[in-house]
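The structure appears below as structure tokens.
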Amino acid sequence: MIRWCTAVAADLPQALSDRIFKANASLELKKQDPTSTNVDDLPPIVLVHGIFGFGKGKFGSFSYFGGAEKKDERVLVPDLGSLTSTYDRARELFYYLKGGTVDYGEEHSKACGHSQFGRLYEQGHYPEWDEDHPIHIVGHSAGAQVARVLQQMLADKAFKGHENTSENWVLSITALSGAFNGTTRTYLDGMLPEDGRNMKPLCLLQLCRLGVIIYDWLDIPLLKAYYNFGFDHFNLSWRKVGLWGLVDCLLGNAGPWATGDWILPDLTIQGATKLNCDLQTFQNTFYFSYATKRTRKFLGVTVPSGILSIHPMLFMRVLQMSLYRHPLDAPPPYKGYRDEDWLDNDGALNTISMTHPRLPIEHPSCPVTNDSECQPLQPGIWYYKIVEGDHILFILNRERAGVQFDLIYDGIFKRCRKHVFKKTQQTIPNQVDHE
């Protein structure tokens, strides 16, 4: 559990210019100038945490995003399930913003064995949210996929009682080490490479599972108020299931691990590919991605890029992932899979997975190295930059990162606040199939 929990490790400094992406006035655009706009009229910037993460009000006064939320007057930091599935977290995010009782959907809830309804938000954090009052989403790690799933749900009008939703409720999505295409880390920690859904009998993730079951079964209010894994809708508390319910969960006959409705299956390559089958890159939304890596080539071999540049908690993880080879007796996670494509990593995710959605269909993308390469900005394209850093570059420890931390978030927030609306439809380049 500790080794997998990279999202709550210490941070490393990394320089990144705040001028990676710049808008160009030659487009027919509508700009938002915060100096001439009331703060309440600005689209909120929603920061979505990753696995083992937490939102505002949890984990004491500690900030998952290292205090970056203080850089802008309209930033929201929701506390979503830290181990719940991408689907469940997206549902929770909608009601966090809009208000009301979280509705996980009748069909999904029955299939996954949990209550249909969850937490009540008596007052949404952005109740006026609609196409005329959109949001920016910045997601770290698994939080990036939550943003994409939520946008697809909005496009599909998947929220009962809110039939007017559309993909245009989201103005931009920025991914920080986003888990778009899964990670080989999941197999190293115990997910079966044969199916990407079940766990090995003895592995790190099984220990994690046991710890979470006991934590939720004990249901100690003080602890749950401090940190919550997000499985309350599975009713794992001793008050509801008793001792035999605990035994059932421990044996794998009940709970999220029995139905696969938790985050790890979504983070395998197979699980991410399945999830991506239903997710689009929309024509009117702006997409940006910062992919991280802490590896380099040495005599033709991929190795960690220095002992001192990687936190001790992550060094072995980077090394393990750079040495990973998919078992020969297991079917490849997708047609055309090659181990060498997945060796570069940041200790938690493979760099190839973080640039943009590419499985099973490669979405339009544009690599960025210089400012001029992304002028003018176009919606419907994933602009991505590969950054030297590990998986916790963007989170937790602002002091250790120093001025570089500020450069990263200042650039992101500045882009959000000077964002543009594109009025005309764009022709998307031909897509490449990765079946």
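See the values below:
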{"item": "HIS140 touching a residue at least 60 places away in the same chain (Cβ under 8 Å), within 18 Å of PRO44 (Cβ to Cβ) and buried (at least 24 other Cβ atoms within 10 Å of the Cβ)", "result": "yes"}
{"item": "THR35, sole failed condition from (1) in a loop (DSSP other than H, G, I, E, B); (2) at pLDDT below 95; (3) polar (S, T, N, Q)", "result": "(1)"}
{"item": "Test: residue in the range 110-131 that is touching a residue at least 60 places away in the same chain (Cβ under 8 Å), open to solvent by 10 Å² or more (accessible area, probe 1.4 Å) and part of a helix (DSSP H, G or I)", "result": "yes"}
{"item": "Residue in the range 171-178 that is outside any loop (DSSP other than H, G, I, E, B), surrounded by 23 or more Cβ atoms within 10 Å (Cβ to Cβ) and out of contact with any Phe, Trp or Tyr (no Cβ under 9 Å at 6 or more places or on another chain) present", "result": "no"}
{"item": "Enumeration of residues in the range 303-345 that are touching a strand residue (DSSP E or B) at 6+ places or on another chain (Cβ under 7 Å) and within 21 Å of HIS356 (Cβ to Cβ)", "result": "MET321, TRP342, LEU343, ASP344, ASN345"}
{"item": "Filter pass, GLN206 being free of Cβ contacts under 8 Å to residues at least 24 places away in the same chain and among the polar types (S, T, N, Q)", "result": "yes"}
{"item": "Qualifying position, being in contact (Cβ under 8 Å) with a residue 60 or more places away in the chain, in contact with a Ser or Thr (Cβ under 9 Å, 6 or more places away or on another chain), surrounded by 17 or more Cβ atoms within 10 Å (Cβ to Cβ) and among the polar types (S, T, N, Q), among ASN276, ASN350", "result": "ASN350"}
{"item": "Selected residue (criterion: nearest to the chain's Cα centre (by Cα)) from residues of the range 323-347 that are buried (at least 23 other Cβ atoms within 10 Å of the Cβ) and not in a loop (DSSP other than H, G, I, E, B)", "result": "ASN345"}
{"item": "Residue that is nearest to the chain's Cα centre (by Cα), among those in the range 299-322 that are open to solvent by 60 Å² or more (accessible area, probe 1.4 Å) and more than 27 Å from ASP195 (Cβ to Cβ)", "result": "MET313"}
{"item": "Strands (runs of 3 or more DSSP E) lying entirely in the range 251-311 (those with 3 or more residues that are closer than 22 Å to GLY182 by Cβ and not aromatic (Phe, Trp, Tyr))", "result": "286-293"}
{"item": "Residue match in the range 187-210 (condition: assigned to a loop (DSSP other than H, G, I, E, B), among the polar types (S, T, N, Q), at pLDDT 95 or above and in contact with a strand residue (DSSP E or B) (Cβ under 9 Å, 6 or more places away or on another chain))", "result": "yes"}
{"item": "LYS224 part of a helix (DSSP H, G or I) and surrounded by fewer than 17 Cβ atoms within 10 Å (Cβ to Cβ)", "result": "yes"}
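The values are calculated or read from the model by the stated rules, or taken from the named source; none is laboratory data. Nothing here was measured: the structure is a model prediction, and the numbers come from that model. Note that we place each Cβ from the backbone using ideal geometry, even for glycine, and neighbour counts take in every protein chain shown. Surface accessibility is based on the protein's heavy atoms, side chains included, excluding ligands, DNA and RNA. Shrake-Rupley method; radii C 1.70, N 1.55, O 1.52, S 1.80 Å.
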